[in-house]
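Visitor: The structure is given below, and queries will be raised subsequently.
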Amino acid sequence: MFRFIRLPLVLSLVVLSSFADPKPNVLFISIDDLNDYISPLDNHPGIKTPNFDRLAQRSVTFSNAHCAAPACHPSRVAVMTGVHPTTSGIYRNLFGAHGPRWRHESVALADAVVLSQHFRDHGYYAAGAGKIFHTLQWTSGDSQNDPTAWDEYRGDPLDPISPDWPRPAITALDQNAGFVGKRPLRDHYFGAAPVALRADQGDGPVVDWAIEQLNESREQPLFLGVGLFRPHIPWEVPQQWFDLYPEDRVVLPEYLESDLDDARSHRRERWHKWVTDNQQWKHLMRGYLASISYVDDQLGRLLDGLDASPLAGNTIIVLWSDHGFHIGEKENWEKFALWEQTTRTPVFIHAPGVSRDGERTPQPTTTTDLYPTLCELAGLPIPAQCTGTSIAAQVRNPAKFDDRVSLTSFVFPGDGTKASHGLSDTQYRYIQYADGFEELYDLQKDRNEFHNLADDPNYAAVKARLAGELPRGAVADVKIPTDSPYHRGRARPAAEGKSEAVGRPL
Ligand SMILES: [Ca+2]
Ligand SMILES: [Ca+2]
């Protein structure tokens, strides 16, 4: 009798409250090429990222999050569609697009619903700014954004960042002057220098525009995508950020001379040779750190803007980067590898009244998990296209991690269309390359991935267990669909370098 009366009452309260509670807004922040040097993660010596600390205090830190692919385009398409490269076949950067050519690059993505569109389909107003899908500062109009997935986008959605970034006077100089050998990339894009930015230049106006959106009066809940471009190269930010890092106090990453002897070549050793031949390592590290502090400041402005807006208190915040980054670790620069230094990416999630803010979780996760997670946190259905698994349970309880592994996949130059894969559990990192070469690292004992244990019989069981987690039936690398209406061919400015063919990772 008691239960008979009580059940309908509870149900009706649930129904009433779901009507009474407005849907949470979503602040979706994407940062380009940001690695784990920030203070809430590895805390690189001397780094100054107070606003990432502030975000960590008001969210759950996913300290074991990994990109789906270690390059901008495939990583971002995977986040925005929830479809992993092993299903879509998009593993690499593919240039020469003007629009969502990825729908034609991958048959699996032809009808995929973009994350922002999914929120629109469920009553949200979707606004976006900056680099969310792939584009570069120096490839104007080469963008894979889908303008139809947003109600509103700042500026030209198919050229969202290139008009914002000026170049310093250094571009007038011969980039090889005074240096041994030839600088990687042209026009100092692989370089660091102070640049004067007006208030309407750089990532600043993207944040200004986002803050305006947060203060716009609307009936609908807001999905706001904010894509910040630094610390992507070139490391050109105002002098004040360089001043935080006097070059004589810059600390280089821990480094082992013989490190690559037991690891597969990433084919970028020549970049590292140019750096060391010319004593540029500390200078470039300084530029990367300065660029991180610049973007940290933009994050702080955005959080201030949210807190001062009518949406404060009812907004989910998710921040992610498209992959990690090397500053000479393993003689590598940038990304395009499968070591943890490349694949580990900052992920922070705050959900009002739900997240255990200030805590961190070792839950292995891949950024394709973000789409279903946001659906669950906002009470939206999860589209069938999603290949990831929600981590909302770890947002609620960071200590309750499960035994899933992360998965990052990439097709290296020279491997044809066959993918290589890297995965992490809470202790180990295992990589299996397309040619069968294996690497295994115990990250609790060897944070720097110096010592490959793949041939150590003591680790045979660990290796077998992790190899058992490799994807089965990973699809082959896709080709550029030159008949796509979004294909515009080789429209890349000379600045990008003749040696980098279209379709090669950059
Ligand atoms: Ca990137
Ligand atoms: Ca090694």
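Each value in this text was obtained by applying a stated rule to the coordinates, not by laboratory testing. The structure presented is a predicted model; accordingly, all values stated were derived computationally and were not measured. Glycine gets a Cβ as well: all are built from the backbone with ideal geometry, and neighbour counts include every protein chain shown.
Visitor: Find out how many positive minus negative residues lie around residue 125, taking Lys and Arg as positive, Asp and Glu as negative, among other residues whose Cβ is under 10 Å from that of residue 125.
Guide: Surrounding charge for residue 125 is -2.
Visitor: Collect residues whose amide H, placed 1.01 Å from N in the peptide plane, falls under 5 Å from the amide H of residue 97; neighbours closer than 5 in sequence don't count.
Guide: Distant-sequence amide H within range of residue 97: 143, 488.
Visitor: Report, in whole Å, the centroid distance computed from the Cα atoms of the range 89-134 and the range 381-411.
Guide: So the two Cα centres are separated by 20 Å.
Visitor: Mind running the shape call on the range 297-406? Use the C-alpha gyration tensor, a ≥ b ≥ c as the square roots of the eigenvalues: rounded below 1.5 for a/c, prolate if a/b tops b/c, oblate otherwise.
Guide: In terms of gyration-tensor shape, oblate.
Visitor: Which net charge results for the neighbourhood of residue 171, defined as the other residues with beta-carbon distances under 12 angstrom from its beta-carbon, given Lys and Arg at +1 and Asp and Glu at -1?
Guide: -1
Visitor: Given the C-alpha centroids of the range 294-353 and the range 137-210, what is the distance between them in whole angstrom?
Guide: A separation of 19 Å, based on Cα centres.
Visitor: If you don't mind, another one. What ranking do 119, 412, 437, 450 get, fewest neighbouring Cβ atoms within 10 angstrom at the top?
Guide: Arranged by neighbour count, lowest to highest, 119, 412, 437, 450 become 437, 450, 412, 119.
Visitor: Let me ask another. What's the extension gain from residue 258 to residue 456 if we count 0.36 nm per residue and subtract their Cα-Cα distance?
Guide: 69.5 nm
Visitor: How large is ³J(HN,Hα), in whole Hz, for each residue of the range 225-234 in order, when computed from phi with the Karplus curve 6.51 cos²θ - 1.76 cosθ + 1.60 and θ = phi - 60°, using x for Gly and Pro?
Guide: x, 10, x, 9, 8, 6, x, 4, 4, x
Visitor: Now a separate question. Can you give the extra length, in nm with one decimal, that the chain gains between residue 148 and residue 427 once fully stretched, where that is 0.36 nm per residue apart less the Cα-Cα distance?
Guide: Separation in residues times 0.36 nm, less the Cα-Cα distance, equals 96.3 nm.
Visitor: Checking the cross-link filter: which aspartates and glutamates have an alpha carbon closer than 14 Å to that of residue 400, excluding same-chain neighbours under 8 positions apart?
Guide: Filter leaves 359.
Visitor: Tell me the net charge near residue 38. Cut-off is 12 Å between Cβ atoms, residue 38 excluded, with +1 for each Lys or Arg and -1 for each Asp or Glu.
Guide: -1
Visitor: Ranked by Cβ crowding within 10 angstrom, fewest neighbours first, how are 94, 453 ordered?
Guide: Going from sparsest to densest Cβ surroundings: 453, 94.
Visitor: Nearest 5 is fine: what % of DSSP beta bridges in the chain come out antiparallel, could you say?
Guide: Approximately 45 percent, going by the DSSP bridge assignments.
Visitor: Okay, moving on. Taking residue 335 as the anchor, which aspartates and glutamates have their alpha carbon closer than 15 Å to its alpha carbon, excluding any fewer than eight residues away along the same chain?
Guide: 32, 33, 36, 269, 322
Visitor: From the phi of every residue in the range 373-388, what ³J(HN,Hα) in whole Hz does the Karplus formula 6.51 cos²θ - 1.76 cosθ + 1.60 yield, where θ is phi - 60° and glycine or proline is x?
Guide: Running phi through 6.51 cos²θ - 1.76 cosθ + 1.60 with θ = phi - 60° gives 5, 5, 4, 5, 5, 9, x, 9, x, 9, x, 4, 5, 5, 9, x Hz.
Visitor: For the pair residue 200/residue 248, report the inter-label distance in nm, with labels modelled 7 Å from Cα in the Cβ direction.
Guide: Here the answer is 4.2 nm between the modelled labels.
Visitor: Same structure again: Could you give me the ³J(HN,Hα) list for the range 208-217, computed from phi with Karplus coefficients 6.51, -1.76, 1.60 and θ = phi - 60°, whole Hz, x at Gly and Pro?
Guide: My calculation for the range 208-217 gives 4, 5, 4, 5, 4, 4, 5, 9, 6, 7 Hz in order.
Visitor: Same structure, new question: Going by how many other beta carbons lie within 10 Å of each one, how would you line up 274, 333, fewest first?
Guide: 274, 333
Visitor: Which shape class applies to the range 24-496: rounded if a/c is under 1.5, otherwise prolate when a/b exceeds b/c and oblate if not, where a ≥ b ≥ c are the square roots of the Cα gyration tensor eigenvalues?
Guide: Because its axes are fairly even, with a/c under 1.5, the range 24-496 counts as rounded.
Visitor: Which of the lysines could a cross-linker bridge to residue 330, judged by Cα under 17 Å and excluding same-chain residues fewer than eight apart?
Guide: List returned: 273, 282.
Visitor: Amide H neighbours of residue 134 under 5 Å, counting only residues 5+ apart in sequence or on other chains, H built in-plane at 1.01 Å?
Guide: The list, which skips near neighbours in sequence, is 144.
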